[in-house]
1. Looking at region 164-190 only, could you name the residues that are acidic (Asp, Glu) and surrounded by fewer than 24 Cβ atoms within 10 Å (Cβ to Cβ)?
2. Scan LYS285, LYS300, LYS313 and give me the residue that is open to solvent by less than 60 Å² (accessible area, probe 1.4 Å) and farther than 29 Å from GLU639 by Cα.
3. In region 442-479, how many are β-branched (Val, Ile, Thr) and without any contact (Cβ under 8 Å) to a residue 24 or more places away in the chain?
4. Among the residues of region 498-530 satisfying the criterion of being assigned to a strand (DSSP E or B) and either touching a Cys at 6+ places or on another chain (Cβ under 8 Å) or hydrophobic (A, V, I, L, M, F, W, C) (or both), which is surrounded by the fewest Cβ atoms within 10 Å (Cβ to Cβ)?
5. How many residues does region 570-605 hold that are of a type outside the set (Phe, Trp, Tyr), at negative phi and out of contact with any helix residue (DSSP H, G or I) (no Cβ under 9 Å at 6 or more places or on another chain)?
6. Give me a count of the residues in region 566-584 that are part of a strand (DSSP E or B) and open to solvent by less than 70 Å² (accessible area, probe 1.4 Å).
7. Which one of these is under 20 Å from PHE622 (Cα atoms) and surrounded by fewer than 24 Cβ atoms within 10 Å (Cβ to Cβ): LEU406, LEU413, LEU389, LEU425?
8. Can you tell me which residues in region 585-622 are open to solvent by 20 Å² or more (accessible area, probe 1.4 Å), touching a Pro at 6+ places or on another chain (Cβ under 8 Å) and of a type in the set (A, V, I, L, M)?
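The values are calculated or read from the model by the stated rules, or taken from the named source; none is laboratory data. All figures in this text were calculated on a predicted structure; none of them were measured in a lab. Please note: Cβ atoms are built from the backbone with ideal geometry, for glycine as well, and neighbour counts cover all protein chains shown. Note: areas computed on protein heavy atoms with side chains; ligands, DNA, RNA excluded. Shrake-Rupley method; radii C 1.70, N 1.55, O 1.52, S 1.80 Å.
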Amino acid sequence: MDSFENLFKPMQIGQLRVANRIMMAAIGTNYSTPEGEVTERLVDFFRARARGETGLIVTEGAYVTQSGKECSCQLGIHKDELLPGLKELADKVHADGAKIFIQLFHAGRQTVSAVTGLDVLAPSPIPCQAVQEMPRQIAKDEIPQLIDAFGRAARRAQKAGFDGVELLVGHGHLINQFLSPYSNKREDEYGGSLENRMRFALEVLACVREAVGRDYPISCRISAEEYVEGGLEMEESIAFARRLVDEGIELLHVSGATYESGPMMVPPMLLPQNIFAEKARELKKALAGRVPVAVAGRIKDPRRAEDLIKEGKTDLVALGRALLADPEFPRKAREGRISEIRKCIGCNQGCMDRLLMQKDITCLGNPLCGRESEYGYEIEEAAAKKKVLVIGGGPGGMEAARTASLRGHEVLLYEREKQLGGKMLPAAVPPGKAEVGDLRVFLIEQLTKLPVKVVTGHEVDLHTVEKFAPDAVILAAGSKPLFPKIPGIEQENVAHADDILSGEKQLGLGERVLVVGGGLVGCEIANFAAEQGKNVYLLEMLAEIGADIGFFYKILLMTRMQERGVELHPETTLKEIKGNTVIAEHRGEDKEFENISTVVIAAGYEPDRGLLASLAEKYEVFSIGDCKEVRKMLEAIHEGFECSFRL
């Protein structure tokens, strides 16, 4: 059994003693009211992480002035009227055993006036390329007002009972914008040299320190590097970190990037785990133990988290998405239940992708995330037990079977293929997608430990259903590939993307591969083929390639395809396949692609509802996932959970 002697060693942060080295990194939720008030939903969300034995929780960024608001329902700390809700949040997290900091936040140019109702502010009139709204340069006489707003917010945090505050000095937000030579082109004493660019941050820190006193812990979260040309790099970050410590911070929290280098800020699964560990090591070495260092960035495995501390790369590990996926991560690790941890797969579908659309967050793999107020912290048994038949062992079907069993129902799951997983199997094959398999393994292990009877390699018919005589049937049969109805589609050199990724068919021996369909599956199969050295042509009938791909993952995937020479053809429709020649239409004109060894179809799917009509005549039937409507894995898993929970 793993001991995790470093991970669960108490930590001293200034005058504050924290039970272990696991902290929750700030992550936006959009769970507050439009006025920034704490809601029951937000309280229960953080309570779940406290109950899971997270040592220190850092809330999402709480805006210190209206001009600094970034999301429509972001937490606020900009006025005294918010104090009762903030106090309730701190008190209830304390009651569940965790310490809690609140992050003080101003978006600067990384917001829009439609959210704030005010001018977008920045050190210099340079728009953030990810947001693209021209900011107004902050006048010199406005700077003291902004600094004072941080101080007043810190005083509110202390009054509300928070154990400390964290200044967001990274990720391209306001304080970072003053610090960065990329976003700060001022010619007064707040711009130019590093000493001048540090001035705003250090004056904010001094104001906050004066507001809360010497013994109140202050953390600073910094971007060690911005990963933009002309941006902040390690040499200046080290000098800045030393000044922060000189001026009295008690914790340095290391991260990286800005919105303009977004994939590095919230790294999708294409990027490595523990991505900022070496940056944290450099900063920790430079600070020579004067204050503890925490590091964020795709930390999802407790064994690796233990190693990061043991190897001296960090003092604390900051988990964000990992605690969305499993709020009991710390407790399960301490108790040696490693296989029971539902690991984050870095998909960003439920969290960052939704946040960028001004929606509330959730988690693809954890339907309870953010819904603790609705469903409770744990799944409880149902009052009346039923016999439940689940047809389909993909992600939705497995989650439905898992939840139904936890509710105390008798569950039988049938999967027509020899393996459980459905589309999770091909989804894990493209470059950088192997972590999809982590969630598949988790679900399979859960079913193994529960009294769920699983039958694979069996096609369900009415006789099978009648023999079990279920009280309820959950149809999770998935979807079937769509093939364009064009001449030549039946040729031997034509395959569906799923068949290639599953290994049922191989890419031809020739060098040229043509992919039909430029959505997520098409782009991933194009990248997959290009990685194997193929010359790849990607056809998409719409004007936009990758319209259904999340923002940060899309940036990375498009970059990888470009680097590997994938030739993109938007507004191009497949017309005919004649041997090794493909004929397509682009804006009314025919276009030929010759010497194509393999044509890969990734033109979408249609629901597989073959059994629905006959079953509905005799049984209570619930359709979930793709057999209800073709969408993504998130909807399948969440519908599987909801359906079984309400039985």
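1. Going through region 164-190, the residues acidic (Asp, Glu) turn out to be 166, 187-189.
Passing the criteria: GLU187, ASP188, GLU189.
2. LYS313
3. Number of matching residues: 1.
4. Taking region 498-530 as the starting set, the residues that turn out to be assigned to a strand (DSSP E or B) are 512-516.
Now narrow it down to the ones that are either touching a Cys at 6+ places or on another chain (Cβ under 8 Å) or hydrophobic (A, V, I, L, M, F, W, C) (or both): 513-516.
Details: VAL513: 26, LEU514: 28, VAL515: 31, VAL516: 29.
Filtering first and then ranking leaves VAL513.
5. The total comes to 23.
6. 11
7. None of the others qualify; the one that does is LEU406.
8. Selection gives ALA603 alone.
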